[in-house]
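Report on the following structure.
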């Protein structure tokens, strides 16, 4: 019995990683405390739902002692009693369980997980690699599975308690004696910067024009890959161009400023808003790709952290050209998931009016959401332009970056290197310190 519910675990005996003897310690009595000592974070309600007999009737109850039907499935999110306890050891850990048709890997990160996710799963020919990004750290699972599984995987995350479950379907019914054999760097927790990049082969499935020189390229991940790119992180695209490997960083964007229609960590595509430079090396090659062509994509990289935004009241985003791309998901996050941010202001620097990306969407958001404001600044405006003119300078920033009394401001900047270097210097002159500023890789 666990938490007042009676289970017949006979069918589960052969699948329990700890063996029959451990299960029998709870036979015929309340095993809740014993279970919590070993598996406090495991969602037994989901795992054992097929074994549920009913609720234990309370002593002295005048109600009929009929078996009470099981409650509706609770999914992966544990109840309050299953929440993670404070633990001096912040190192994640993992466990696994199985049925005759599925195998489940469960990772306990011991911290909250951003809504955008932090997990990348790659499954190919029995080799499973799971990387979980936790701030500057990376937790890695790397195994040769004990037997064959179907090519696709499913990832479910309980964000509030930091629990990640990777589910795979067995090709052949039966009991596995182990999850598999460890491979290089299995079960390691180290700085992300010390990990080697892993590339996977992706397919171009769509190309949509944004303006006269910028497109959204939609890349489909392999069947066995699930990639959650955290907000503010980028990936690397790699291609062989004239017998030379060329690598460039790009930040994924949502399909629009409203974000995903239905937020799903199972998203199998990545969208990149990329400006094509006629005299460049990488973007002209990318622009010649046809639907169905392949390109290599790395896992998430980058130093951006959401931690400073937790106490931010006023968020300022400074973007030049396609430096707008990391701001897309930041805008959605600030407006949808961070109520403490009272104002998000985008200062968008471009040469001409036709260079402004997603202008109609930005204008619509500005008109309909009082917590968002956009300012366009053009360096080469037409005679008909009535907005702000010029380039980034101290006067513009001093006027637009307002510090209300009692506020906590944070500034993010992205654009060409010359833009971010100039902007950083100007912000420091305006007394923004390093803890109040993040510059993305341009």
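The values are calculated or read from the model by the stated rules, or taken from the named source; none is laboratory data. This is a predicted model, so every value here is computed, not measured. In this analysis, Cβ positions are derived from the backbone assuming ideal geometry, glycine residues included, and neighbour counts consider all displayed protein chains.
Points to keep in mind about this one:
- Selected residue [within 20 Å of residue 328 (Cβ to Cβ) and touching a helix residue (DSSP H, G or I) at 6+ places or on another chain (Cβ under 7 Å)] from 205, 231, 210: 231
- Of the strands (runs of 3 or more DSSP E) that lie entirely inside segment 210-327, those containing 2 or more residues that are more than 19 Å from residue 440 (Cβ to Cβ) span 214-220, 225-227, 235-241, 244-250, 294-298.
- Residue within segment 150-166 that is touching a helix residue (DSSP H, G or I) at 6+ places or on another chain (Cβ under 8 Å) and surrounded by 17 or more Cβ atoms within 10 Å (Cβ to Cβ) present: yes
- Filter pass, residue 235 being surrounded by fewer than 18 Cβ atoms within 10 Å (Cβ to Cβ) and modelled with pLDDT of 95 or more: no
- Filter result (free of Cβ contacts under 8 Å to residues at least 60 places away in the same chain and either assigned by TED's automatic domain parsing to the domain that holds residue 328 or not in a loop (DSSP other than H, G, I, E, B) (or both)) within segment 92-127: 93, 107, 127
- Failed item in (1) farther than 28 Å from residue 421 by Cβ; (2) more than 14 Å from the chain's Cα centre (by Cα), with residue 270 passing the rest: (2)
- For segment 329-348, the tally of residues that are assigned to a helix (DSSP H, G or I) and free of Cβ contacts under 8 Å to residues at least 40 places away in the same chain stands at 2.
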